[in-house]
Amino acid sequence: MRILGIETSCDETSLALVRAERGRFVVEKILTASQILIHKKYGGVVPEVAAREHAETIFPVLKKMLPLDSLRSLGESGGKHSFARGKVSIDAIAVTAGPGLITSLRVGVDVGRTLAWLWRKPLIGVNHIEGHIAANWLPPAKSGRGTIPKIEFPAVALVVSGGHTELLCMKKLGHYELMGATRDDAAGEAFDKTAQLLGLDYPGGPAVSKLAEKGNPRAVKLPRPMIASGDLDFSFSGLKTAVRVIVETRVGARSSRPGGITPPLRVADVCASFEEAVCEVLVTKTLAAAKKARAKTVLLGGGVAANRRLRAMLAAALAEKLPKVRYVEPDLVWTSDNAAMIAAAGYFALQEKRRSDPLTLAPDAGWELGR
């Protein structure tokens, strides 16, 4: 089975052809047009600008994915087109329908609906968070192929990105229960705002993580918000405020305080201390969720899943505290927003007989998984 995936939830215009066969996924082709340089001057994603770029970019990307003559033949032959190696068929179309920026989502959804109707193929509206979870089944990017992991259930998924920080329990594929979520800022958002406070380049998360490798994670005493709250929710706005206070008083210049002069702090030390605080909270809550759900597997997903410190801390904590729980993390390439993960999630949805009507599918910016 070959699925065309479409992802336009934020600022990445991504299309992918993913084939599922004999217990594995093969990522045949993926093209992603990034808007980082466009939004860099604004210090963040501007929804109206992002949507306009999607509208201007998605058809050129589609033409590169499937040449114009192939697109015509798809319409004429009910989903088949010719590559140099012979006849190839597209069996279904999976498109991100939410959550995300509503104007960006609409571009991808409308293209997916149109192609599904034109080619008379099944359409699946995919939840973006479910896509990040499905990324764990994608093969290493360098090889383009690999065995689909046999995930034992129940499983707990930690999804951490710029817009989301959630813990979900999966009793089986396609069935989710929200165990906890952020009450304010997402972890990725806190990374980006900390980068802005420190005057780092956009996008902020990778910049903070890169500097953190050179810093001392114990140099600054920062709070671990809600780490002992007794529930599985998160909060990162207070941590961001604590960083702002540190920046205003101790970064780059000496400050007068009761008891004498406080020496300045290096930016790298602030980054390392901030990263350690975020990761400690994420790991602690994930272990608590795994215990509560009696999980056999813990999955990681989302843009912040690329953070090497988080990956290392979570793997080590599970090995020490819950050695019988299997830990699975996605290849670094699949942690960012991409159409391959949407295609994979679409494949799993089809196995559960979940489909969308191309005449009625509408984007849902606030689509919550597991509620």
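The values are calculated or read from the model by the stated rules, or taken from the named source; none is laboratory data. This is a predicted model, so every value here is computed, not measured. Using ideal geometry, Cβ is built from the backbone for each residue, glycine included, and neighbour counts are taken over all protein chains shown. For accessibility, only protein heavy atoms count, side chains too; no ligands or nucleic acids. Shrake-Rupley method; radii C 1.70, N 1.55, O 1.52, S 1.80 Å.
Of the residues making up segment 283-325, those that are within 16 Å of the chain's Cα centre (by Cα) and part of a helix (DSSP H, G or I) are Gly303, Val304, Ala305, Ala306, Arg308, Leu310, Arg311.
Yes or no, residue by residue, for (1) more than 16 Å from the chain's Cα centre (by Cα); (2) without any contact (Cβ under 8 Å) to a residue 24 or more places away in the chain:
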residue	(1), (2)
Ala97	no, no
Pro122	yes, no
Asn127	no, no
Lys171	yes, yes
Ala181	no, no
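What are the residues in segment 20-42 that are loosely packed, with under 15 Cβ neighbours inside 10 Å and under 26 Å from Pro206 (Cβ atoms), if any? Across segment 20-42, the qualifying residues are Ile36, Leu37, Lys40, Lys41, Tyr42. Selection of strands (runs of 3 or more DSSP E) fully inside segment 109-210 by the criterion of at least 3 residues being surrounded by 21 or more Cβ atoms within 10 Å (Cβ to Cβ) returns 123-127, 155-160, 165-172, 175-181. Annotation: Lys321 fulfils all but one of (1) under 28 Å from Arg106 (Cβ atoms); (2) in contact with a helix residue (DSSP H, G or I) (Cβ under 7 Å, 6 or more places away or on another chain); the unmet one is (1). Could you list all residues from segment 2-19 that are open to solvent by less than 10 Å² (accessible area, probe 1.4 Å) and assigned to a strand (DSSP E or B)? Answer for segment 2-19, where residues must be open to solvent by less than 10 Å² (accessible area, probe 1.4 Å) and assigned to a strand (DSSP E or B): Ile3, Leu4, Gly5, Ile6, Glu7, Thr13, Ser14, Leu15, Ala16, Leu17, Val18. Scanning segment 145-153 for residues that are touching a strand residue (DSSP E or B) at 6+ places or on another chain (Cβ under 7 Å) and at pLDDT 90 or above turns up at least one hit. Pick from segment 92-108 the residues that are in contact with a helix residue (DSSP H, G or I) (Cβ under 6 Å, 6 or more places away or on another chain), aliphatic (A, V, I, L, M) and open to solvent by 10 Å² or more (accessible area, probe 1.4 Å): which of them is nearest to Leu350 (Cα to Cα)? Looking at residues that are in contact with a helix residue (DSSP H, G or I) (Cβ under 6 Å, 6 or more places away or on another chain), aliphatic (A, V, I, L, M) and open to solvent by 10 Å² or more (accessible area, probe 1.4 Å), I get Val107.
Here Gly205 does not qualify as touching a strand residue (DSSP E or B) at 6+ places or on another chain (Cβ under 7 Å), under 28 Å from Val46 (Cβ atoms) and not hydroxyl-bearing (Ser, Thr, Tyr).
Looking at this structure, is Ala288 out of contact with any strand residue (DSSP E or B) (no Cβ under 7 Å at 6 or more places or on another chain) and either within 22 Å of Ala207 (Cα to Cα) or at pLDDT 95 or above (or both)? Yes. Counting only residues that are at pLDDT below 95, in contact with a Gly (Cβ under 8 Å, 6 or more places away or on another chain) and over 20 Å from Leu314 (Cβ atoms), segment 154-188 holds 1 of them.
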